[in-house]
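The values are calculated or read from the model by the stated rules, or taken from the named source; none is laboratory data. Because the structure is a prediction, the values reported are computed rather than measured. Cβ: placed from backbone, ideal geometry, glycine included. Neighbour counts: every protein chain shown. Note: accessible area is taken over every heavy atom of the protein model, side chains too, but ligands, DNA and RNA are not part of it. Shrake-Rupley method; radii C 1.70, N 1.55, O 1.52, S 1.80 Å.
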Number of protein chains: 2
Amino acid sequence: MPTYKAPIRDNLFLLNDVFRIDQHADIPGYSEMTPDIIEATLAEAAKLSEQVLTPLNRIGDEEGCHRHDDGSVTTPKGFKEAFKMFTEGGWMGMSAPAEFGGQELPAVLSGIVSEFLASSNLAFMMFSVLTQGASSALLDHASTEQKKLYLPNMVSGKWTGTMNLTEAHSGTDLGILRTKAKPQSDGSYKISGTKIFISAGEHDMSENIIHLVLARIEGAPAGVHGISLFVVPKFIPNADGSLSGNNNVSCGSIEHKMGIHGNCTCVMNFDDATGWLVGEANHGLNAMFTMMNHARLSVGILGVGLSEVAYQNAAAYAKDRLQGRSLSGVKFPDKIADPIIVHPDVRRSLMSIRAVTEAGRALVVWTGLRHDIALRSQDAKAREAAEDHMGLITPIIKAFNSDFGFENAVMAQQVYGGHGYIADNGMEQFVRDARISQIYEGANGIQALDLASRKLSMNGGRAVKALFSEVDVYLKTQPDQDGMAVYIKPVREALSRLQQATIWIAKHSAENHDEIGAASYDYLRLFGLTAYGYMWCRMVEAARRARPAANGDMAQFLDAKLTTARFFVQRILPETAALLTRIEAGAASMMELPVEAF
Amino acid sequence: MPTYKAPIRDNLFLLNDVFRIDQHADIPGYSEMTPDIIEATLAEAAKLSEQVLTPLNRIGDEEGCHRHDDGSVTTPKGFKEAFKMFTEGGWMGMSAPAEFGGQELPAVLSGIVSEFLASSNLAFMMFSVLTQGASSALLDHASTEQKKLYLPNMVSGKWTGTMNLTEAHSGTDLGILRTKAKPQSDGSYKISGTKIFISAGEHDMSENIIHLVLARIEGAPAGVHGISLFVVPKFIPNADGSLSGNNNVSCGSIEHKMGIHGNCTCVMNFDDATGWLVGEANHGLNAMFTMMNHARLSVGILGVGLSEVAYQNAAAYAKDRLQGRSLSGVKFPDKIADPIIVHPDVRRSLMSIRAVTEAGRALVVWTGLRHDIALRSQDAKAREAAEDHMGLITPIIKAFNSDFGFENAVMAQQVYGGHGYIADNGMEQFVRDARISQIYEGANGIQALDLASRKLSMNGGRAVKALFSEVDVYLKTQPDQDGMAVYIKPVREALSRLQQATIWIAKHSAENHDEIGAASYDYLRLFGLTAYGYMWCRMVEAARRARPAANGDMAQFLDAKLTTARFFVQRILPETAALLTRIEAGAASMMELPVEAF
């Protein structure tokens, strides 16, 4: 069974050495984030993840969730108790406002905790992500009364939340959804329709489940501009927080799916269920995006989390498994064979996983910092820049990190050889679990389109110009000698390819809109690789700064950063050249075949 | 549930138009392969695959195999009956010698049938592949008596076969296996040991199971040069073919694994089981490689088969699923939304799968032809060249086709969005099933090492020189104008990169053997892409030749070849540049970290 040790040191290195949160005391709340508090928080989260959630991960996969004839759903053995520990530890509301019982800790810190949760138990983590996402949508869009009614119990985890968007015929295309809302004389609505793929739609871990539901008010315009968001609780709460009778919401069935068996994916039936409008009528998509962006960042984080745990187990196996002899001469003559970590191709796999996992984590932490600026800064200009950054980077974090999370899980499984295919060893579960991250919260193709068609041109390209300029200035101010050039030069090339691709798309999409779609996936990958390259330069800079004073383990840790960065720029970044060539090939050969030829 | 239509036309195009089997009448048996006979054979195989095996594929996945307390194993419902139809149709022995009841059809034809089987039901196909592999090992290495005793019943499928290589501590490294063989006075041996990962090790589909077992004769030298091959039947056959009592062979358990649930992966216990030496003592590895090479080609074929069926279902879904509107303007104003095939990124996925599936199929058919020359030609020189080719191409077909098979299954699943993650739709089964192909019969990293460290330098590099020269001459003789240049030029560049990488490895591995291992995976991929490029040129040439006389469906079929070829050279082949850069980066950053840093 897989084991897990939360990578606290890696995250502290990012917070303290790379992104210097000590220099961000101007962000409200940051001055209280002393190194002690940060370390203690992460240590607690690590304990919960390593000791409670990790052992439940295989159980969750094997047992799955069960729906009973009365529509109730049982979660796997131990999940309920773990959830109690999770909520009692205050983790559900760790970055929620104090006003509603939250701890108001920075987003950058809750992002790191999410990584630990994802590594240890993705199915479990999703219960909290969805509740936090629903809470943030209510926080941003609900009325004061609604907030008072729902948020304290959701922040504490007494109640959980869901997102009800998808219908059988309506996934990406929310404009065609059919769930209806009939206005009632008391200001409430009767909601009717069937939603599918509802994670944590029904379960036994909380006293109430607060469904946020997209529906169309009778007579609303067709398309996305006629969609509204409703809060539809499983049990309708009274003003005093006590629960009155059952609402007409029920779980019709649970999907049998490839992975994340520990989380119940429900078909939810709303049968004249009572709901209340959240925010403005016909502006549901706005409110939904608050949830969605939270969820998308979480998906990017889980890519890092699954990569990390898959890596740890593959590395342990590679050091332990004796098979064959090193090509460059026997390394352990006293053993029956050398451990497979002597084989270059095993190293290639392990180094590849490390190189992207560590860069992906840096991207998450860097973006978490911007997230806090966007949420908390007093400086409107800084907030705007941070929001720009978030908008631009969210699809990249979601899609690129999740693509790599899956590829890494596959590579880690491969290190195990045949043993990786066996369920008991748990490596194949990481692959099955990671697979969903490329699909849910907007399939990665949609993220690519969001980036290339919306985010690039928003506000006249303000966000992308700012980012390119930041990276460009950074690379120019780095010394070309003293060992920095080996890192800087390939990243500069990658940036220039990315800029070239950006111009190419802008130019060619004017004539033919399909060119955006044709370029989008490769473009997102090119963007992601370049961003990772930038992250590696930042990490190298910090490692080189800290290296002279370091010794022992810490010296080895910093040296490993430099080696891994070299591996990244030499062996992973070259893909950017191929991506640019592909983008510049254009849409013709992709779009040429008539539909009936497929 | 997925559907399947066997791609007969694509295979006929390869046989008749691209590789011109009519020009190979000098290969014994080929002159009888009239177009009628070929088409009728493929049509029969298609019927079995589409109507019998395809519907059993989900059942096999859901039910799996079950071991009972007495050690017996039940296969999924319907498998036994399907196997009866399969054997009664003569498919098991379709390319076995007539002497033992086979149909002696060419290998190139049985390769195509294997593709159909893999598409429709991989778990089922493995029962036949292993029997055929075991038969071919006996055919090449067993005594006349042994052949007479075992082959007729294995060729008919009355008995099935297995390969018993792996032990818990000994997978790739067969030199350390521990299973023992004690010589008996009657010339037989007592075999003792435990083998794992034995596909079809125990089941209810055949009257007997013939285990081919690698073991070490008492007192044999350590390492691979002390390994012998034994035939160990489940029931010991009498000379008249009747069966005497149980041998001491039993299935200890069945593995729970990621996929191919319809095939029972057994732990096999040999407890003083009676076995007989096959071939020479201590030369078991040779005999094993006969099986292994058969199995490796089959794995390459199954990459094509899974890609094909995954593609067919993704394409059908993309034409059917209505979601969103085309970027270049509404295509179906009367529908609630456009079918998702209008979206460039969906096209990108479908075209990517096609482009590599069709090239992979061509590589299989081309190699099948060489296989027949190697097996049947009267011309020793031609046989030698064909064997060289087989040796060189086998690891590429195994690893490259299976890597693409998996990547394609993942891409096809992605086209389904969330519905691809749901078990009932069957797309996730293709992913789980395809995953094994990268692992078994020598993990793909081992194939890469076999190619880069053994096959390149064999006989002074004779095989690789011959292949490079063939491709080089071919590309030079193709006209640069008339629309051929768009295909020829990128393939020429790929070939030149491959040649450059080959020289780089030869040069640098002399100083440091780890350089071979460090380059190997990228090198195999570079080789595979270049080989696919060559296949596309051959297909383009044939399509252009046939185009003027074609109309209707056939014209569209040929036009699609040209478009898909362009997609391949423009959007997939550019990866070769990145691969060369990676190879030339060398082993340093890969091998530098101390073991304890992992």
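Some notes on this structure:
- A:PHE197 falls short on exactly one of the conditions (1) within 14 Å of chain B (Cβ to nearest Cβ); (2) on the phi < 0 side of the Ramachandran plot; (3) not in a loop (DSSP other than H, G, I, E, B), and that condition is (2).
- The residues on offer are B:ASP424, B:ASP388, and the sole one that is more than 9 Å from every other protein chain (Cβ to nearest Cβ), in contact (Cβ under 8 Å) with a residue 40 or more places away in the chain and not aliphatic (A, V, I, L, M) is B:ASP388.
- Pair list, Cβ under 6 Å, 6 or more apart: the range B:464-480 residue aliphatic (A, V, I, L, M), other residue outside any helix (DSSP H, G or I): B:VAL464/B:LEU456
- Unique match (being modelled with pLDDT of 95 or more, more than 14 Å from every other protein chain (Cβ to nearest Cβ) and open to solvent by 10 Å² or more (accessible area, probe 1.4 Å)) among A:ARG566, A:ARG544: A:ARG544
- Test for A:LEU322: is it within 14 Å of chain B (Cβ to nearest Cβ) and open to solvent by less than 50 Å² (accessible area, probe 1.4 Å): yes
- Qualifying residues in the range B:68-82 (those that are not β-branched (Val, Ile, Thr) and not in a loop (DSSP other than H, G, I, E, B)) - the one surrounded by the most Cβ atoms within 10 Å (Cβ to Cβ): B:PHE79
- Residue list for the range A:211-249, filter: in contact with a helix residue (DSSP H, G or I) (Cβ under 6 Å, 6 or more places away or on another chain) and either among the polar types (S, T, N, Q) or closer than 28 Å to B:HIS419 by Cα (or both): A:LEU212, A:LEU214, A:ARG216, A:GLY223, A:VAL224, A:ILE227, A:SER228, A:LEU229
- Qualifying residue in the range B:476-493 (condition: at pLDDT 95 or above, aliphatic (A, V, I, L, M) and under 24 Å from A:ARG347 (Cβ atoms)): no
- Looking only at residues in the range B:202-225 that are in contact with a Lys or Arg (Cβ under 9 Å, 6 or more places away or on another chain) and within 14 Å of another protein chain (Cβ to nearest Cβ), the one that is nearest to B:ASN238 (Cα to Cα) is B:ARG216.
- Unique residue being more than 10 Å from chain A (Cβ to nearest Cβ) and within 22 Å of A:ASP403 (Cβ to Cβ) when the list is B:ALA382, B:ALA412: B:ALA412
- Output for the range A:497-534, where each listed residue is farther than 16 Å from A:PRO574 by Cα, more than 14 Å from every other protein chain (Cβ to nearest Cβ) and crowded, with 21+ Cβ neighbours inside 10 Å: A:THR502
- The single condition among (1) open to solvent by 30 Å² or more (accessible area, probe 1.4 Å); (2) under 30 Å from B:PRO76 (Cα atoms) that B:LYS195 does not meet is (1).
- On the stretch given as the range A:246-260, residues that are farther than 24 Å from A:ILE227 by Cβ, open to solvent by 50 Å² or more (accessible area, probe 1.4 Å) and assigned to a strand (DSSP E or B) total 1.
- The requirement of being modelled with pLDDT of 95 or more, part of a helix (DSSP H, G or I), within 12 Å of chain B (Cβ to nearest Cβ) and open to solvent by less than 20 Å² (accessible area, probe 1.4 Å) is not satisfied by A:ALA310.
- Condition met for A:GLN184 (open to solvent by 20 Å² or more (accessible area, probe 1.4 Å) and outside the structural domain of A:TRP276 (by TED's automatic domain parsing)): no
- Note on the range A:333-349: among residues that are open to solvent by 70 Å² or more (accessible area, probe 1.4 Å) and more than 8 Å from every other protein chain (Cβ to nearest Cβ), the one that is farthest from B:ARG525 (Cα to Cα) is A:ASP334.
- Which numbered condition B:THR477 misses (of (1) more than 14 Å from every other protein chain (Cβ to nearest Cβ); (2) of a type outside the set (D, E, K, R); (3) within 26 Å of the chain's Cα centre (by Cα)): (3)
- Residue in the range B:268-286 that is open to solvent by less than 10 Å² (accessible area, probe 1.4 Å) and under 30 Å from A:GLY445 (Cβ atoms) present: no
- Against the criterion of being away from chain A (no Cβ under 12 Å), open to solvent by 10 Å² or more (accessible area, probe 1.4 Å), among the β-branched types (Val, Ile, Thr) and out of contact with any strand residue (DSSP E or B) (no Cβ under 7 Å at 6 or more places or on another chain), B:ILE301 qualifies.
- Qualifying positions in the range A:457-496 - within 22 Å of A:ALA578 (Cα to Cα) and either among the charged types (D, E, K, R) or open to solvent by 20 Å² or more (accessible area, probe 1.4 Å) (or both): A:PHE468, A:ASP472, A:VAL486, A:LYS489, A:PRO490, A:ARG492, A:GLU493, A:SER496
- Candidates are the residues of the range B:427-456 that are farther than 30 Å from A:ILE254 by Cα and without any contact (Cβ under 8 Å) to a residue 24 or more places away in the chain; the one that is least open to solvent (accessible area, probe 1.4 Å) is B:ILE439.
- Of all residues in the range A:374-421, those being outside any helix (DSSP H, G or I) and hydroxyl-bearing (Ser, Thr, Tyr) number 2.
- Residues that are without any contact (Cβ under 8 Å) to a residue 60 or more places away in the chain and crowded, with 21+ Cβ neighbours inside 10 Å, drawn from the range B:1-47: none
- Exactly one residue out of A:LEU375, A:LEU369, A:LEU363 is under 23 Å from A:ALA531 (Cβ atoms), out of contact with any Leu (no Cβ under 9 Å at 6 or more places or on another chain) and buried (at least 21 other Cβ atoms within 10 Å of the Cβ), and it is A:LEU363.
- Among (1) open to solvent by 10 Å² or more (accessible area, probe 1.4 Å); (2) within 30 Å of A:GLN146 (Cβ to Cβ) - the single one A:ASN263 does not satisfy: (1)
- The range A:85-99 - residue that is open to solvent by 20 Å² or more (accessible area, probe 1.4 Å) and not in a loop (DSSP other than H, G, I, E, B) and, of those, nearest to A:ASN208 (Cα to Cα): A:THR87
Residues are listed down the side, and each one gets a yes or a no for (1) outside any strand (DSSP E or B); (2) surrounded by fewer than 20 Cβ atoms within 10 Å (Cβ to Cβ); (3) basic (Lys, Arg):
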| position | (1), (2), (3) |
| --- | --- |
| A:ASP140 | yes, yes, no |
| A:VAL155 | yes, no, no |
| A:THR160 | no, no, no |
| A:ARG178 | yes, yes, yes |
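- Among the residues of the range B:391-402, not one is within 14 Å of chain A (Cβ to nearest Cβ) and open to solvent by 10 Å² or more (accessible area, probe 1.4 Å).
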